[in-house]
Amino acid sequence: MEEIDAVRSLAALAQALRLRLFRALVVAGPEGHTPGALAEYLGVAGNTLSFHLKELTHAGLVTQERQGRNLVYRASFTTMTELLGYLTENCCEGAACSATDAAASCRC
């Protein structure tokens, strides 16, 4: 993942509703959700949801597929994995470590 892609993804997630929306799609897994189901689950209006889905789609974090008369949105696990890899690429200066080891050795 390039730096500009990481910035775009992080910027898209730097809003509470979009973060909740993305997490809901991660929980849904490969089945995804329709906008109606997401709006009901998150308690938001359809036009608000549409705006935030567009932002997540533009960042590559969400995909959209038409199934008959419905749209189904899914989290892009590929992009999510690439973002996590980008963020942790130089963890512990390249040495193998666990998250616990990294936190314990941090001298911030």
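Nothing in this text is a laboratory measurement; each read-out follows from the coordinates by a stated rule. These numbers come from a predicted model, not from an experiment.
Values computed for the structure shown
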| item | result |
| --- | --- |
| The chain: Cα Rg divided by the 2.2 N^0.38 Å rule of thumb | 1.25 |
| C-alpha center-to-center spacing [the range 27-46, the range 66-82] in angstrom | 12 Å |
| Relative contact order of the range 3-105, defined on C-alpha pairs under 8 angstrom at six or more residues apart (%) | 27 percent |
| Sum of -39500 (n - 2.57) over DSSP H runs of 4+, divided by residues of the chain (222 nm, nearest 500) | -18000 deg cm²/dmol |
